[in-house]
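In what follows, a structure is listed as structure tokens, so that the remarks can point back to it.
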Amino acid sequence: MEIIILILAGVLFATAIYNLLQKQLFRIIIGTVLLSHGAHLFILTMGKLKRGQPPVLTDGVTDYSDPLPQALILTSIVISFGITALLLVLAYRTTQENKTDNMEELRGNSNE
Amino acid sequence: MIYAIFAPLFLALFVPLLSRIKDKIHTGVFVFFIPFVIFLYFVRFIGNDFQPIRETVNWIPSMGINFDFYLDGLSLLFVLLISGIGALVVLYSVFYLSKSEKLGSFYVYLLMFMAAMLGVVLSDNVFVLYTFWELTSISSFLLIGYWNFKERSRYGAQKSMLITVFGGLSMLGGFILLTIITGTTSIQGMIGQVDVILSSDYLLLILVLILLGAFTKSAQFPFHIWLPDAMEAPTPVSAYLHSATMVKAGIYLVARFSPIFSGYEWFFIIVSLVGLLTMLWGSYMAVRQTDLKAILAFSTISQLGMIMAMLGFGTEAAVFAAMFHILNHATFKGSLFMITGIIDHETGTRDIRKLGGLMTFMPMTATLALFGTFSMAGVPLPFLNGFYSKELFFESTLGLDGANFLSQLIPYIAVIASIFTFVYSMYYFFGVFTGPNHVGKLPKKPHEAPFGMLIAPIILILGVILIGLFPNMVNAPFLQHAAEAVNSGVEYQEIYFWHGWTSPAFIMSLIVVGVGIILFLTRKKWTGIYRVLPGNLSFNKVYDSLLKKVDTYSAGITNVYMTGSLKTYMVLILGAMFIVTISFMLITDGLTISFDDIAEITILEVSVVIIIIIGAIATLFTRSNLALVLVTGIVGYGVSMLFAIYRAPDIALTQLVVETISIALFLLCFYHLPKLKKREESVGSKTVNIIISVGFGLMMTLIGISAHSTNWFAPISDYFVETSYTLGGGNNIVNVILVDMRGLDTLFEITVLGIAALAIIGLIKLTSNKEAK
Amino acid sequence: MSNLAVLPIIIPLISAIILIFFNSKVKASRILTQLFSLIGLGVSGYVVWQVVANGTIVLETGEWIAPYGIILVVDTLAAVLVLTTNIISVAGAFYAPYAGLGEKENYYFYPFYFFLITGVSGAFITGDLFNLFVFFEVLLMASYALIVLGGEKVQLRESVKYLLVNLFSSMLFVTAVAFLYGTVGTINIAQVAQRVQEVDQQGILTTIGILLFFVFATKAAVFPLYYWLPNSYIVPNPLVSALFGALLTKVGIYSLIRVFTLIFIHQIDLTHDLFIWIAGLSMIFGVIGALSTNNVKLIIAYNIIPAIGYILMGIGIFNQEALSGSVYYLIQDMIVKAALFLLIGIIVYVAGTSDLRKMNGLIHHYPLLGWLLFISAFVLAGIPPFSGFIGKLLLLEGAFRDGHIIIAIIGLLTSLLILYSIIKIFVRGFWGDKEAMEGIEKKPIKGMVAPVIFLLLLTVILGVGAEFFYPIADSIAAYLLDPEIYIDSVMKE
């Protein structure tokens, strides 16, 4: 199963990157969201899957799934959320100021 | 000795103060005493029984960089030139530069140069030498750019800086290699390890690197091009830096390192060849010039080439002649520059075509010029020092042993170059001082220079005559020591004027004079050829176009990838990452796939995975904002389901909440963002996108599988399970990790959120404020 | 164990939080900023002193023992970098009132300023890979906030690109850390190093190392990953550019130094040789970029890249001299880049344009600015006796000693071109006709110039007084070459 999840994470990376390479800002933002999902699945799988109970201490249970990756994912989810929020507002403002959401029209030139 | 070097730098600090009273007393008057005292200090060392002395002051001893000053005969020769000519130049400048100029900065630069130049010739430590070396380039840059309101002046300054700093840097490379090979930073220490150096693999590289430094500084072909443009500097500067001292730093360097390299055949080949070529090219170019300073500039190039060639020969006779000529050249060329300055000052032009017949107006200047030019031409008269060293030069060209082609050729090149030297020397003197005068057309009415201005050239010309009459006066106590420092085999020999009719060197001199006179008299017929011959061969054009190409190509190259397009950046970045990482995976044989330790596959999981994949791929094809948000939501909820399945209740919940808020945010935003458009893409760019995204995703999966298949160590998380309750006091291990074991992460995770919140406030409010106005 | 290790992170954090509450009071904010930055400087100076005197400070946060909890490790390298960061923070704090921030001061500029310092200091100090990621996010988030502040059209446009590229590399960062956890089962730097050493960096480890290299190289703006840098660094206020130029890329290169002197050092022929090539290309393309433009701000921004190239070259060569050269160059480059960005900010302010073609004869109006620029050109090009020379000399010695002739020669040529790119500003913009630029009035610049002079003075001291500083760099290099010291200080077994 791990292999399948890793492939899934790879697919998320691939679709994320494909979206990142688009022109429209909105698509690009969606790309970043997919990217973080992919990254989180990679982290989760690195701690092995389904080896024991959820990491909440319970009497009589000795096997727990690896808690560390879960903690890392939690931290990462929150940070990604913060960035996504900022990115959305930034995208909104950029589109408004520059009157386009097409990244190819947001090139600018170096001597401005 | 150390005080002598740092005194000019230190005293330069007071110059700006003194320049405040320049209306009363010319700043140069104060400055004059600095080189003068230094000259007096060093002149004491002249004597038959001179012994080298050394003084050391620590600077960065742990890196082997110390102020290690070593005064031997060679250094003494240069030190006296620097301080002596320096004093005369300052004296001359008092009359040359009017008080309305920015005298403060002028003398600060000049003193900076003086200190730097003294440092160059006295440092035994290669890195200190390099430091002073660059300081001479910097001060020269500032002095050339002294009248920086002139375009030519800026051009010349930048050119000289680029070329000499280039040389300096390559010299630094050579020094570093020498230091590494010998383990010492002292030049004398290196000379003690000649065998080690000569057997090094890098010998040729070291030689070339160091010679590049010397050749650029001493304006050797083809790096000579900066010198004519350096003539934009005020004439005292040209006389001092660009004729008598700084340009001889390269000569000094070659002389200094001669004991190391003279046993190496490439040293002989490169140095003598470049020297002779420079001599020939310089003297030929000098003939073509019409600006008096340009004539002298090319003449300087040619003479430097001659000295360089003699150092390349490396024989006892040649080395001695080189030392002698360094001294002689400084005297007659220095005076000629000053004379040119006088002519410029008194007539308002330096164009030889406009000048003529000035003998009657400026008899004193004319007399001085006569001695100067004739000495430069090497006219065989007993009171001209230039003749002596020229003849010694001829002798040294003949004394080269060896049947190789180069040695055979050398005397001929020497004679041809000397003929041109003779021609331009005559042209200078007769063109300016004899013939019809055009006084009416000159910008100023010519008259004799004020006496003060003449003092310095008179002293130099007296030097020309005295050395000519009594050459042995400077021989044993002075030149002999200098030559010994370069080639320890030099033995004392009297300098004679007369070597007999049959002496080959004398015959060569006669040929020079004879052919020279013919060429000079018939010069009008040759002007056509002089115009045409170098044509596009000019290395100036190479430099100019090189610089232009640097500008256009750098812009061209940069604009290719710095398009401002995020897509281009991402493609290049991802492409590079992909190619290199994949190659590393293949080279290091990193791929491992093991199915040993794997969880079972269930239908529930697989179906969730398939839903996520469908959702993810659907993001690529949806055309409406709403649909895009929805499929993204499906992916997000799918992922949180996976978290739940894989027994991670905390993240599953968090993901659920975050996903919901995100969707709300997206919906809010998509309300404001423009509608999705159909993607218009070329097939090519689509292919690139697909290759990169699929390739990158695949690569990540492969690395992930390999990482997962590697089980060398037990993860540290067992510890967390053990201590979660006992030490952390909580049953939910993930929570204990977050708030306790890795509490620092959480603290700063919250900080990140906080910053994001503040940033969003700033983004929104600052705009609404702006709009309100 | 000493809580001293946490102070350089906590002080700016608390400063930032306090300043949030002084948001509407500009005057108080300015004074507090200066005060806090001075406190930070004092404390980090004390930390350096402690570390140099008593050795590495290791702090197990929350008393969770290594390698399980987050470990803070202040060794000499980290301490010196934290000190340098605080020096720049002080210079910036005193520049700020004159920086023309305008309304930005009312929108949390100063809190962001200290959040940035927090993130940078944290990244230098932490001994945990995931925690390093978190601090990266702190400093990046603060940098996003600073770069968009003001909301100008151009600013927004370049911020989006800046944010997206960095976001991508951050995600790659966590993934790479996860891979490392999957392979060696830990994220504590010292233990990772230990375990990688035990298995002799076989299998997928080198590939993960390269992935981490690209993560940090993107932040450090190394060839061919630096495209996001030049334009985004010139759009915000010069003070922000100075912080970015001095600190952000340096955190990336610092992480490279850590990871590739401590963890991935068992395949040097492959990895580190690659770095040498990348370093050479960074120098070449960076300096070409600097020569390609007439925008003076952009010239300085491009000059970040060859400097990073020099430092990376030292990592690639990986011997005593080269590493001490890298460390020396890193520290002095932080200072000189800060100075240059601030200086260019003043120049653009007085000239009213950043286009070199429109400048002429400025030296007749602002001689001081001209000479400061002149000096910084030589500092940057590594001409003695300034600080750049010491670092460059050590790097070149290291390169030549191990026979890396080509990179050494590229390094030499690069310094020439760096010099040209800056001296061009002096020759074309400062020299010339006094009357050439019309309508140039005397603007007061005293307050702005003081921090620049302060920083440039430091580079002179770092150059002339190298006898005092070089042994520190030398000992850091020796320390970096012997990873056991770091590992032992953390693992204590």
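With runs of 4+ DSSP H residues as the only contributors, calculate the mean residue ellipticity of chain C at 222 nm using -39,500 (n - 2.57) per run, divided by the residue total and rounded to the nearest 500.
-24000 deg cm²/dmol
Calculate the spin-label point distance for residue B:610 paired with residue C:14, positioning each point 7 Å from the Cα along the beta-carbon direction, and give it in nanometres.
Roughly 5.9 nm, to one decimal.
Å³ per residue of the Cα convex hull, for segment C:186-225?
77 Å³
Looking at segment B:264-521 from every direction and averaging, what is the projected area of its Cα convex hull in nm²?
The directionally averaged projection comes out at 13.4 nm².
With only alpha-carbon atoms in the gyration tensor, what are the semi-axes of the equivalent ellipsoid for segment B:449-585, in Å, largest first?
Listed largest to smallest, the semi-axes of segment B:449-585 are 61, 28, 21 Å.
Taking the highest mean first, how do the peptides C:483-489, A:29-35, B:628-634 order by number of other beta carbon atoms within 10 angstrom per residue?
Put in order of decreasing packing, that is A:29-35, B:628-634, C:483-489.
Please compute the volume of the convex hull spanned by the alpha-carbon atoms of chain B and report it per residue in Å³.
292 Å³
Set Lys and Arg Cβ to +1 and Asp and Glu Cβ to -1, take the dipole of segment B:522-651 about its Cα centre, and tell me which of B:579, B:622, B:561 lies farthest positive.
Result: B:561.
Mind giving me the FRET efficiency for residue B:691 and residue A:105? R0 is 25 Å, r the Cβ-Cβ distance, nearest 0.05 is fine.
So the FRET efficiency works out to roughly 0.50.
For chain B, what does the helix formula give at 222 nm: sum of -39500 (n - 2.57) over DSSP H segments with n ≥ 4, over the residue count, nearest 500 deg cm²/dmol?
Estimated from H runs of four or more residues: -23500 deg cm²/dmol.
Report for chain B the percent antiparallel among DSSP-assigned beta bridges with both residues inside it, nearest 5.
Of those bridges, close to 100 percent are antiparallel.
What is the order of B:352, B:750, C:189, fewest Cβ neighbours within 10 Å to most?
B:750, B:352, C:189
Taking the Cα-to-Cβ direction at residue B:507 and at residue B:731 and moving 7 Å from each Cα, how far apart do the two end points lie in nm?
That separation, rounded to one decimal, is 11.8 nm.
Give the relative contact order (percent, whole number) for chain B; include only Cα pairs under 8 Å separated by 6+ residues.
Averaging sequence separation for qualifying contacts and normalising by length gives 10 percent for chain B.
Could you work out, residue by residue across C:387-399, how many beta carbons of other chains sit within 10 Å of that residue's beta carbon, and then give the average as an integer?
If you average over the peptide's residues, the count of other-chain Cβ atoms is 3.
HN-Hα J couplings of segment C:246-259 from phi, Karplus 6.51/-1.76/1.60, θ = phi - 60°, integer Hz, Gly and Pro as x?
For segment C:246-259, the Karplus-derived couplings read 7, 10, 4, 5, 6, 5, x, 6, 4, 4, 4, 4, 4, 5 Hz, x marking Gly and Pro.
So, R0 is 30 Å and r is the distance between the beta-carbons of residue B:515 and residue B:204; what FRET efficiency does that work out to, to 0.05?
Efficiency for this residue pair is about 0.20.
Averaged across orientations, what area in nm² does the convex hull of the alpha carbons in segment B:682-773 project?
Taking the Cα atoms of segment B:682-773, their convex hull projects to 12.3 nm² on average.
Which whole-number percentage describes the relative contact order of segment A:1-43, with Cα contacts under 8 Å and a sequence gap of 6 or more?
47 percent
Write down the radius of gyration of segment B:587-662 and its Dmax, each obtained from C-alpha positions, in Å.
My reading of the Cα-based Rg and Dmax gives 15.7, 46 Å.
Over all directions, what mean area does the Cα convex hull of segment B:377-491 project, stated in square nanometres?
Answer in nm², one decimal: 10.9.
For a distance above 18 Å, tell me the whole-number percent of Cα pairs in segment B:719-773 that qualify.
55 percent
Have a look at segment C:3-491 and give its Rg and Dmax from the Cα atoms, expressed in angstrom.
Final numbers for Rg and Dmax: 21.4, 71 Å.
Strictly greater than 12 Å: what percent of every Cα pair in segment C:70-130 meets that?
71 percent
Taking 19 Å as the cut-off for C-alpha to C-alpha distance, list the pairs among B:150/C:358; B:333/B:441; B:444/C:434; A:99/C:161; B:24/B:445 that go past it.
Distance filter (> 19 Å) returns B:333/B:441; B:444/C:434; B:24/B:445.
How tilted is helix C:205-220 with respect to the longest principal axis of chain C? Cα atoms for both, answer in degrees (0 to 90, nearest 10).
Tilt relative to chain C: about 20 degrees.
What average count of beta carbons from other chains do you get within 10 Å of the Cβ of residues in B:131-138?
The mean count of partner-chain Cβ atoms within 10 Å per residue comes to 3.
Give the long-range amide H neighbours of residue A:56: residues separated by 5 or more places, or on another chain, with amide H under 5 Å away, using H modelled in the peptide plane at 1.01 Å from N.
Here B:733 satisfy the definition.
Please list log₁₀ I(q)/I(0) at q = 0.15, 0.22 Å⁻¹ for chain A, using the Debye equation with identical point scatterers on the alpha-carbon positions.
With one equal scatterer per Cα and no solvent, log10 I(q)/I(0) is -0.76, -1.16.
When only C-alpha pairs under 8 Å and at least 6 residues apart count, what is the relative contact order of chain C, in percent?
For chain C, the relative contact order is 15 percent.
What do you get for the angle between helix A:2-20 and the principal long axis of chain A? Use alpha-carbon atoms, 0 to 90 degrees, nearest ten.
It works out to around 10 degrees.
I need the per residue convex hull volume for segment B:84-201, using only the alpha carbons, in cubic angstrom as a whole number.
It is 105 Å³ per residue.
For chain C, which longest stretch is free of loop sites, where a loop site is one of the trypsin sites (Lys or Arg not before Pro) that DSSP puts outside H, G, I, E and B and that has at most 13 other Cβ atoms within 10 Å?
It runs C:1-433.
For segment B:43-82, which chymotrypsin sites (Phe, Trp or Tyr not before Pro) are in a loop by DSSP, counting at most 13 other Cβ atoms within 10 Å?
Answer by residue number: there is no such site.
How many Cβ atoms of partner chains, on average, are near each residue of A:51-61 if near means within 10 Å of its Cβ?
5
Treating the angle as unsigned and between 0 and 90°, give the value, to the nearest 10°, between the Cα long axis of helix C:109-125 and the longest Cα principal axis of chain C.
Its long axis makes an angle of about 30 degrees.
Give me Rg/Rg_expected for segment B:564-718, where Rg uses Cα atoms only and Rg_expected = 2.2 N^0.38 Å with N residues.
For segment B:564-718, the normalised Cα radius of gyration comes out at 1.28.
The protein assembly as shown: Rg/Rh from Cα coordinates, Kirkwood Rh?
Radius of gyration relative to Kirkwood radius: 1.05.
Over 16 Å apart: what share of the alpha carbon pairs of segment B:159-220 falls there, rounded to a whole percent?
44 percent
Bear in mind these aren't lab numbers, they're just calculated from the coordinates by the rules spelled out. Here the structure is a predicted model, which means the values were calculated and not measured. When we count neighbours, we look across all protein chains shown, and the Cβ atoms used for this are built from the backbone with ideal geometry, even at glycine.
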